[in-house]
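**Q** Dropping a structure here in structure tokens format, bear with me for questions.
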Amino acid sequence: MIFTQKLQQAWATSNSMLTVGLDPDPQRFPAELQGRSDAIFEFCRAIIDVTAPYACAIKPQIAYFSAQRAEDQLEALCNYILEHHPGLPIVLDAKRGDIGSTAEQYAREAFERYQADAVTVSPYMGFDTLEPYLSWKSKGVIILCRTSNTGGSDLQFIESADGTPLYLHVASLAAEKWNTSGQCALVVGATFPEEIARVRARVGDMPLLIPGIGAQGGDIPATVKAGRNSQGTGMMINSSRAILYASGGDNWREAAAQAARATRDAINAAR
Ligand SMILES: O=C(O)c1cc(=O)[nH]c(=O)n1[C@@H]1O[C@H](COP(=O)(O)O)[C@@H](O)[C@H]1O
């Protein structure tokens, strides 16, 4: 199923716009998993199982796996999601960006090796570096636009002669020129609701991946009001650490489920 369709269905069936981010840090794992060679898989599998009812997507961050030499565990997790939670889109957060020939390999990595439904990419090197991802017609290409970190302003706020900041150029290009597959989305940080609204005004109903609530302190009602589309949906609002590490004790599964449910409900209350 194509990415946008899978996402639409997930929004509807789970009544949720929460994306659960997988940033597994073994140092923060509960005691029962310490020292196990499959700890990353088991931690993430449990998190997925308990949070899936409250989520519209799962977003594994690839560096947390590759830094631990655990790409095999990420592969196994993606297979697990496809088998046990087939309605849940997998967003591989890799933030790739390189010349076309290399991008072809990154696209194969995301869409073949990990079977992701979508991948995050940087637009910094221009359209020809995005084309290899877009040639996978059913796959989502999620383009960095206005990132959640403070340093994002260093480049994203640079203005062209008519006063338009770079991040809005990215939004316009994504909506008007680059979206050849109809599967593009944009990353906009919850830490900047005003800019979310400006991006939404430029891109119609295009999906937005919005990290920055939870551990980064973004305001949920302001985010939802700024980012919802004409259907009252249109957002994958990501929370990673606030869910993964809601408790370091024996009740870590229940605490993660509770955090996911509370976040889903807070998002829905603002719709
Ligand atoms: O693409 C992302 O997911 C992303 C974009 C962005 O602008 N800011 C951002 O924090 N993220 C990711 O969101 C995750 C952090 O989420 P929290 O733990 O909820 O703060 C990490 O995987 C980041 O790489």
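The values are calculated or read from the model by the stated rules, or taken from the named source; none is laboratory data. The structure presented is a predicted model; accordingly, all values stated were derived computationally and were not measured. Cβ atoms come from the backbone with ideal geometry, glycine included; neighbour counts cover every protein chain shown. Ligands, DNA and RNA are excluded from the accessible area calculation, which covers all protein heavy atoms including side chains. Shrake-Rupley method; radii C 1.70, N 1.55, O 1.52, S 1.80 Å.
**Q** Here are 207, 193: which of them is away from the ligand (no atom under 11 Å from the Cβ) and touching an Asp or Glu at 6+ places or on another chain (Cβ under 8 Å)?
**A** 193
**Q** Would you check if there is a residue in the range 241-250 being more than 17 Å from the chain's Cα centre (by Cα) and modelled with pLDDT under 95?
**A** Yes.
**Q** Does residue 93 satisfy the criteria of being among the acidic types (Asp, Glu), within 16 Å of the ligand (Cβ to nearest atom) and within 13 Å of residue 183 (Cα to Cα)?
**A** no
**Q** Are there any pairs, at least 6 apart or on different chains, whose C-beta atoms fall under 9 Å, with the first in the range 120-144 and free of Cβ contacts under 8 Å to residues at least 40 places away in the same chain and more than 16 Å from the ligand (Cβ to nearest atom) and the second open to solvent by less than 60 Å² (accessible area, probe 1.4 Å) and among the charged types (D, E, K, R), and if so, which?
**A** If the second residue must be open to solvent by less than 60 Å² (accessible area, probe 1.4 Å) and among the charged types (D, E, K, R), the pairs left are 125/98; 129/96; 129/98.
**Q** Now for a separate question. Those residues that are open to solvent by 80 Å² or more (accessible area, probe 1.4 Å) and within 20 Å of residue 50 (Cβ to Cβ), I need them from the range 1-14; list them, please.
**A** 13
**Q** Right, another one. Restricting attention to the range 102-121, and to residues there that are of a type outside the set (A, V, I, L, M, F, W, C) and assigned to a helix (DSSP H, G or I), which single residue is surrounded by the most Cβ atoms within 10 Å (Cβ to Cβ)?
**A** In this case the residue turns out to be 106.
**Q** With respect to residue 67, determine if the residue is hydrophobic (A, V, I, L, M, F, W, C) and either buried (at least 21 other Cβ atoms within 10 Å of the Cβ) or in contact with a strand residue (DSSP E or B) (Cβ under 8 Å, 6 or more places away or on another chain) (or both).
**A** no
**Q** Of the residues 246, 266, which single one is in contact (Cβ under 8 Å) with a residue 12 or more places away in the chain, open to solvent by 10 Å² or more (accessible area, probe 1.4 Å) and assigned to a loop (DSSP other than H, G, I, E, B)?
**A** Result of the check over 246, 266: 246.
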